[in-house]
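Enquirer: Below you'll find the structure I mean.
All of the numbers you see were taken from the coordinates with simple rules; none came from a lab. No experiment lies behind these values; they were computed from the predicted model shown. Neighbour counts are summed over all protein chains in view; Cβ atoms, including those assigned to glycine, are modelled from backbone coordinates with ideal geometry.
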Amino acid sequence: MSPVATFPLSRPVAISELQHGEARDLNIDANADERGALAAFLGIPEVRAVTARVRLRAEPGRRFSLDGTLKAELVQTCVVTLDPLETRVEGPIRRLYQDAAADAEDAEMDPFDDDSPDPVEGGVIDAGAALCEHIALEMEPYPRRGDAPEPETPASDGEPEDGPRPDNPFAILAQTRDLEK
């Protein structure tokens, strides 16, 4: 199975279409099936809309860029009330890609460096996969309604009123210190 098939929103573009300085513009508007699959992928109740306008183009050194704007309307679950909560992910998106067939020095990029370009896999850049990843990274991790009650804080720090618990490591050290005196 190719890596392209692992994301619920897929818009693959072969890099061979971008080799001669040609740009490829994509207007993406996810259909109902894609939105349902994306909601399941993100672990949220609903994705109401995903629209994006992106441009893929070749850069020097067998690199490629994806630039554009993204708007996603999501329904998440409030972490306090468990009620549905409408949220949005909106703004620019920019991703860089490096073809594996590039020079050996470029091919030795650090896969753990956040600034390193993503590798082009199978000669294809999947703009839909980039959108899925961007939404997953930018959506609210702990959505909370504005009118949700504040969490209650304990009245004490968990210690009994008469001092630290006897099995507390610091209480044991204090006892040891007191015995040495």
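Enquirer: Quick one: work out the % antiparallel among DSSP beta bridges in region 3-138, nearest 5.
Expert: Rounded to the nearest five, the antiparallel share is 95 percent.
Enquirer: Can you list the residues, at least 5 places off or on another chain, whose amide H is less than 5 Å from the amide H of VAL80, using H built in the peptide plane?
Expert: Sorted by chain and number, the residues that satisfy this are ARG145.
Enquirer: Mind checking the full-extension length gain between SER116 and ALA14? Use 0.36 nm per residue of separation minus the Cα-Cα distance, one decimal, nm.
Expert: Gain in length upon complete extension: 34.7 nm.
Enquirer: FRET efficiency for ALA40 and ALA171, Cβ-Cβ distance as r, R0 = 45 Å, nearest 0.05?
Expert: Rounded to the nearest 0.05, the efficiency is 0.35.
Enquirer: Run the quick spin-label model on VAL79 and THR6: label points 7 Å from Cα toward the beta carbon, then report their separation in nm to one decimal.
Expert: 2.6 nm
Enquirer: Related question: Determine, for CYS78, CYS132, the number of other Cβ atoms within 10 Å of each Cβ, and report the residues in order from fewest to most.
Expert: Values: CYS78 16, CYS132 23.
Result, fewest neighbours first: CYS78, CYS132.
Enquirer: Hey, how many Å between the Cα centroid of region 120-151 and the Cα centroid of region 56-97?
Expert: Measuring centre to centre over Cα atoms gives 6 Å.
Enquirer: Between GLU90 and ALA136, what is 0.36 nm times their sequence separation minus the Cα-Cα distance? Round to one decimal in nm.
Expert: 15.3 nm
Enquirer: I would also like to ask the following. Quick one: length gained pulling ALA101 to GLU22 fully straight, 0.36 nm per residue minus the C-alpha distance?
Expert: 26.5 nm
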